[in-house]
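Only one structure is covered here, and it is reproduced in the block below.
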Amino acid sequence: MPGPIQSLERAAAILRLLAGGERRLGLTEVSASLGLAKGTTHGMLRTLQQEGFVEQDPESGKYQLGAELLRLGQSYTCTSCVPGPWSGRTIWPAPAARRCTWACCTSTGC
């Protein structure tokens with residue numbers, strides 16, 4: 001069986017990095033944290049930005065997670081709803097996501 005695709009592993013690492021700790025990171029911070037060349041990191045960030053997975057602050061130039069990830073996450077939570085113990089619904093099996101899912105399911109009626 002073929003191994004994982006390196007570019008996808010790196011893109012996932014960038015997204016995980018942006019999701020944890022500091023809210024926004026610059027190119028140098030992302031590159032250094034992941035041990036990637038700046039050119040490689042910039043190309044990946046640019047592509048993730050074009051797809052809506054990453055946004056770049058126009059003033060600071062720093063990157064953060066993009067709205068497309070929220071849309072994808074809501075799609076997952078709203079198709080994974082099961083009856084919950086409160087007025088809305090909750091996701092199974094991720095208890096940490098209950099508040100977010102409750103809001104999604106309450107507003108969309110999934």
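All of the numbers you see were taken from the coordinates with simple rules; none came from a lab. Quick caveat, the model's predicted, so the values are computed rather than measured. Note: ideal-geometry Cβ built from the backbone for every residue, glycine included; neighbour counts use all protein chains shown.
Apply the Karplus curve 6.51 cos²θ - 1.76 cosθ + 1.60, θ = phi - 60°, to the phi angles in the stretch 34-42 and return the couplings in whole Hz, x for Gly and Pro.
The phi angles translate into 9, x, 10, 5, 4, x, 5, 4, 4 Hz.
Just grab the label-to-label distance for Met1 and Leu27, each label 7 Å out from Cα along the Cβ direction, in nm (one decimal).
Each label point is offset 7 Å from its Cα along the Cβ direction, giving 3.8 nm.
Using the Karplus equation 6.51 cos²θ - 1.76 cosθ + 1.60 (θ = phi - 60°), what ³J(HN,Hα) coupling, rounded to whole Hz, does each residue of the stretch 52-58 give in order, writing x for Gly and Pro?
Result, rounded to whole Hz: x, 7, 9, 10, 10, 5, x.
Long-range amide H contacts for Gly26: which residues qualify at under 5 Å (H placed 1.01 Å from N, peptide plane, sequence gap of 5 or more or a different chain)?
Tyr63
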